[in-house]
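We did not get these values from a lab; they are worked out from the coordinates using the rules stated. All values reported here derive from a predicted model rather than from experimental measurement. Because the Cβ atoms are built from the backbone with ideal geometry, glycine has one as well, and the counts that use them run over all protein chains shown.
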Amino acid sequence: MAYKVAVLPGDGIGPEVMEEALRVLDAVSRRFGLVFEYREAPVGGVAIDEKGMAFPNETKEICDWSQAILFGAVGGPKWEDLPPEEQPERAALLPLRKRYELYANLRPALVFPPLITSSPLREEILGGKGFNILVIRELTGGIYFGQPKGIFQDNGKKKGIDTLIYFDWEIERIARVAFQAAMKRKKRLTSVDKANVLTSMVLWRDVVKKVAQDYPQVELNHLLVDNAAMQLIRNPLQFDVILAGNMFGDILSDEASMLTGSIGMLPSASLGQGKGLYEPVHGSAPDIAGQGIANPLATILSTAMMLRHSFDQDEAATAVESAVVSVLEEGYRTSDLYRGKGKLVKTQDMGNLVAGKI
Ligand code: IPM
Ligand code: MG
């Protein structure tokens, strides 16, 4: 039986990194005898150019058909002047997350041992050890989706509104994902909120505390988001799993990713009831698109998350991750990771190297 995968390369470096991810999956397919059926579809700016909208019907149908969606990146200067609601991010990525109720966004930020020197943190902070944080971000609620939203007239003045709403059941289901993840790791969970100011975050903290009663082995603590941002830089080693709402999770996951050395290393999984969506945390990087120098490892590592979470192929997932580590250990670096030592390689070389290790 073939695993059905929708392939949505998108814009900028999306197609380049996707090509390498598929190359690695081909190697996985040969080594483990897995069969993938791919259907590719346009999304984001390329879809606007080809079909007049960022998330066209054909693309929706292919995503509906699939068991898992591999996503590259969307957006770029070419589409920045469109009305906000037509732009790739708002018109493709957010509806995609909502359509499949992909409420749980898993963003592992870990420093691979060979890359400790790529981290901008001083060695005394990392203690030569590197860190391994899993950011779990609520992805289909909060201020991203709350109503009312828009620019309205108010007594001859314009006002822009976004609404931060969380229902108890939304907090509960994402908290359960976080506790369960913590149970499989070091059993430490940090819930991030802003309960000293925001009422929705008072509820957030209450619900997380309630869910905690079902997971007595997990050590739970609560951090205000500003403090969490600071603690991440001061001592990232203190964290195991971080749980946050949509916007705080967006911000903290970028911060955590940069601490690993490059956002080009970070994969993600967005999970809901059935389907999963897998994408690198980085964007479309229009400044380097088309040059063949982008780091494909985040997308390659996203395929590992797909193998694990959508297809229950742990062994294959681990093989991909180990292949990445050994290529890094051998000193190969794309330009984002290159610090004067090692072997500077291009996007395709990196894909070939990883595929060769599978
Ligand atoms: C992310 C991105 C998106 C987000 C943008 C592109 C809409 O920053 O996935 O982190 O804010 O969720
Ligand atoms: Mg972001």
message: With a 10 Å cut-off between alpha carbons and a GNM built on the chain, which of K187, K157, K343 moves the most?
response: K157
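Order by neighbour count: S191, S326, fewest other Cβ atoms within 10 Å first, most last. Walk me through the intermediate numbers first.
Details: S191 29, S326 14.
With the sparsest Cβ surroundings first, the list reads S326, S191.
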query: When only C-alpha pairs under 8 Å and at least 6 residues apart count, what is the relative contact order of the chain, in percent?
result: 23 percent
query: How much net charge surrounds K4 when only other residues with a Cβ under 11 Å from its Cβ are counted (Lys, Arg +1; Asp, Glu -1)?
result: 0
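Return the inverse of the average 1/r over all pairs of distinct C-alpha atoms in the chain, which is the Kirkwood hydrodynamic radius, in Å to one decimal.
Details: mean 1/r = 0.0478 Å⁻¹.
Computed over Cα pairs of the chain, the Kirkwood hydrodynamic radius comes out at 20.9 Å.
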query: Around Y332, what is the net charge, scoring Lys/Arg as +1 and Asp/Glu as -1 over all other residues with Cβ under 10 Å from its Cβ?
result: -1
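Charges only on Cβ, +1 for Lys and Arg, -1 for Asp and Glu: so what's the dipole of the range 258-338 about the Cα centre, in debye to the nearest 20?
Working: 3 positive and 9 negative charges, 41 e Å.
So the magnitude is around 200 debye.
Give me the net charge for the shell around R31: Cβ to Cβ below 15 angstrom, other residues only, Lys and Arg +1, Asp and Glu -1.
Working: positive: R23, R30, K357; negative: D26, D314, E315, E321.
Overall, the nearby charge balance is -1.
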- request: For the range 128-241, state what percent of all Cα-Cα pairs lands in each successive 5 Å bin, counting from 0 Å until the bin that includes the largest distance.
  value: 2, 11, 18, 20, 18, 12, 7, 5, 3, 2, 1, 0
- request: Return the whole-Å distance between the Cα centroid of the range 190-226 and the Cα centroid of the range 16-93.
  value: 35 Å
task: State the answer as a single residue: which of L232, P148, Q213 lies farthest towards the positive end of the charge dipole of the range 120-259, with beta carbon charges of +1 for Lys and Arg and -1 for Asp and Glu, about the Cα centre.
output: Q213
task: Compute the Cα gyration tensor for the range 181-307, then decide on rounded, prolate or oblate, letting a ≥ b ≥ c be the square roots of its eigenvalues: rounded whenever a/c is under 1.5, prolate when a/b is larger than b/c in the other cases, and oblate in all that remain.
output: prolate
- request: May I have the extent of the alpha carbons of the range 1-117 along their three principal axes, as whole Å values ordered from largest to smallest?
  value: 45, 43, 27
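Just to be sure I understand: of the beta bridges DSSP finds with both ends in the chain, what percent are antiparallel, rounded to 5? Working shown, then result.
Numbers: 18 of 46 bridges.
Antiparallel: roughly 40 percent of the beta bridges in the chain.
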task: Considering only N246, N105, N221, give the residue with the highest GNM mean-square fluctuation for the chain, with springs between Cα atoms whenever their separation is below 10 Å.
output: N221
task: Could you pull out every one of the lysines with an alpha carbon less than 24 Å from that of K98, ignoring same-chain neighbours closer than 8 positions?
output: K4, K51, K60, K149, K275
task: Tell me the label-point distance for the pair Q67, M183, using the 7 Å Cα-to-Cβ offset, in nm and rounded to one decimal.
output: 2.4 nm
- prompt: Rounded to a whole number of µm²/s, how large is the Stokes-Einstein D of the range 256-358 at 20 °C and 1.002 mPa s, given Rh as the Kirkwood radius over C-alpha pairs?
  reply: 152 µm²/s
- request: Could you work out the per residue convex hull volume over the alpha carbons of the range 70-116, in cubic angstrom?
  value: 127 Å³
- prompt: Hey, in the GNM for the chain with a 10 angstrom Cα cutoff, which one of E321, E124, E255 fluctuates hardest?
  reply: E124
